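In what follows, a single structure is set out as structure tokens and then discussed.
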Amino acid sequence: MLGGECHQVRLRGADLFVLTGCAEPATSVFATLPAVARVVAGRRAFELCDRELWPGGTVVDVAGVPIGDGGVVLAAGPCAVETATQLDVAATAAAGAGAALLRGGAFKPRSSPYSFQGLGVPALELLAEQRRRTGLRVVTEVLEPEQVGPASALADMLQIGTRSMHNFALLREVGRAGLPVLLKRGMAATVEEWLLAAEYVLAAGNADVVLCERGIRTFEPATRFTLDLAVIPLVKQLSHLPVFVDPSHATGHAHLVPAMTLAAAAAGADGVLLDIHHDPRSARCDGGQALQPGDLTALADALARQLAATGRTVTPAPVPSSLRTG
Ligand code: PEP
Ligand code: MN
């Protein structure tokens with residue numbers, strides 16, 4: 001009678017109905033129903049990510065690490081998990097510098113099929129071992145829907161890389177997985193396309209999405225990508241989702257990472273994702289952008305000093321007593 005379609009989704013304990021293609025009277029009719037708490041006029045294509053839905057913002061809980069509560073979360077680790085020793089050194093450095101999350105690729109999206117593709121499931125097990133040892137929560141990338149199950153069993157947060165932002169089957173699968181998602185911006189994606197990719201995850205029933213700006217393709221080859229920091233305040237106006245920045249993949253050069261980390265925090269980022277390696281020249285992936293352990297400590301100190309001026313702090317790692325077993 002009123003036309004249009006209705007998509008029902010349960011998020012954060014509330015039943016939400018996204019109405020599309022309805023004439024205006026539908027909104028008024030819904031607003032009069034006793035079971036309807038609130039009607040939000042969808043002015044944008046991304047209805048569930050829209051800030052109007054949850055104006056106070058979303059805090060994503062990564063196994064005890066809050067993202068989006070005003071603190072700045074440090075996530076650090078190797079681009080790719082290479083060996084037990086390499087990961088052990090990186091996890092020790094990350095924990096020592098005050099990171100709350102350990103990053104590390106088990107499945108690597110490489111431009112060339114002949115490049116190192118990651119260790120796969122054995123890398124997930126090495127990450128889980130470091131999780132038990134250090135208390136750091138683990139974020140790792142999935143490339144295919146089939147990897148979501150094994151990664152969810154051992155990690156705390158699933159990363160969708162820039163090359164997968166438009167992989168809708170994968171977005172739906174992480175939407176069903178129930179683990180927080182770190183959704184990188186496609187390197188050629190507009191802000192609206194990025195938020196619509198996030199919308200896929202929310203529409204599949206998962207509101208725990210953290211967006212991650214990681215640089216976009218421009219004409220400039222002097223940096224690996226062009227870090228678009230303006231999207232931090234912009235996306236925070238448009239959406240209730242927290243925003244991370246990856247200065248490592250954005251710049252491609254370790255010497256540019258500290259300044260861009262501080263700039264990201266100053267622009268309001270909820271966290272940063274940093275590549276580290278104890279011997280960048282021997283790294284099997286992205287060595288040029290990896291900070292060494294000492295650089296990470298210095299950067300974390302500089303970040304803490306900068307944040308103090310604005311009343312913000314680096315989010316501490318969860319207390320080890322809250323570690324899950326197994
Ligand atoms: C990564 O973080 O390991 C990665 C591959 O990043 P991106 O998808 O941004 O290139
Ligand atoms: Mn990388």
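General observations
- Cα long-axis angle, helix 145-154 against the chain (0 to 90 degrees, to the nearest 10): 60 degrees
- Candidates ALA93, ALA309, ALA128: whichever shows maximal mean-square fluctuation once the chain is modelled as a Gaussian network with Cα springs under 10 Å: ALA309
- For the chain, the longest principal axis of the alpha carbon atoms and the long axis of helix 293-308 meet at an angle near 50°.
- Near LEU291, the amide H atoms lying under 5 Å from its own belong to ASP275, ILE276, HIS277; only residues 5 or more places off or on other chains count, and H is placed 1.01 Å from N.
- The chain: translational diffusion in µm²/s, Stokes-Einstein, Kirkwood Rh over Cα pairs, 10 °C, 1.306 mPa s: 79 µm²/s
- Panel note: the C-alpha atoms of the range 152-201, placed on their principal axes, show extents of 32, 16, 14 Å (largest first).
- On Cα atoms only, tilt of 84-96 relative to the major axis of the chain in degrees: 70 degrees
- Structural descriptor for the chain: relative contact order 20 percent, calculated from alpha carbon pairs under 8 angstrom and at least 6 residues apart.
- Only alpha carbons enter this Debye calculation for the range 214-318, each as an equal point scatterer, and the log10 of I(q)/I(0) it gives at q = 0.11, 0.14 Å⁻¹ is -0.35, -0.56.
- Residue among PRO221, PRO122, PRO55 with the largest mean-square fluctuation in a Gaussian network model of the chain, springs linking Cα atoms under 10 Å: PRO221
- Quarter the surface of the alpha carbon convex hull of the range 66-212 and you get the mean projected area, 8.6 square nanometres.
- Looking at the chain, the accessible area is 42 square angstrom per residue; that uses a 1.4 Å probe and ignores ligands, DNA and RNA.
- Coil-residue trypsin sites (Lys or Arg not before Pro) of the range 227-326, DSSP, other Cβ within 10 Å capped at 11: ARG324
- Converting the Cα gyration tensor eigenvalues of the range 29-75 into ellipsoid dimensions via √(5λ) gives semi-axes, longest first, of 30, 13, 8 Å.
- Separation between Cα centres of the range 52-128 and the range 216-282, rounded to whole Å: 15 Å
- In the chain, helical runs assigned H by DSSP with n ≥ 4 each contribute -39500 (n - 2.57); averaged across all residues and rounded to the nearest 500, the mean residue ellipticity at 222 nm is -10000 deg cm²/dmol.
- Between ALA155, ALA259, ALA94, the GNM of the chain built on Cα springs shorter than 10 angstrom shows ALA259 fluctuating the most.
- Net length gained if the chain between ALA302 and CYS6 were fully extended (0.36 nm per residue, minus Cα distance): 101.6 nm
- Rounded to the nearest whole Hz, the Karplus-based 3J(HN,Hα) values (6.51 cos²θ - 1.76 cosθ + 1.60, θ = phi - 60°) of the range 104-117 follow the sequence x, x, 9, 10, 9, x, 9, 5, 9, x, 8, 7, 3, 9, with x at glycine and proline.
The values are calculated or read from the model by the stated rules, or taken from the named source; none is laboratory data. Quantities reported herein were computed from a predicted structural model and do not represent experimental measurements. Ideal geometry is used to build each Cβ from the backbone, glycine not excepted, and the neighbour counts take in all protein chains shown. Just the protein is used for accessible areas: all its heavy atoms, side chains included, with ligands, DNA and RNA removed. Shrake-Rupley method; radii C 1.70, N 1.55, O 1.52, S 1.80 Å.
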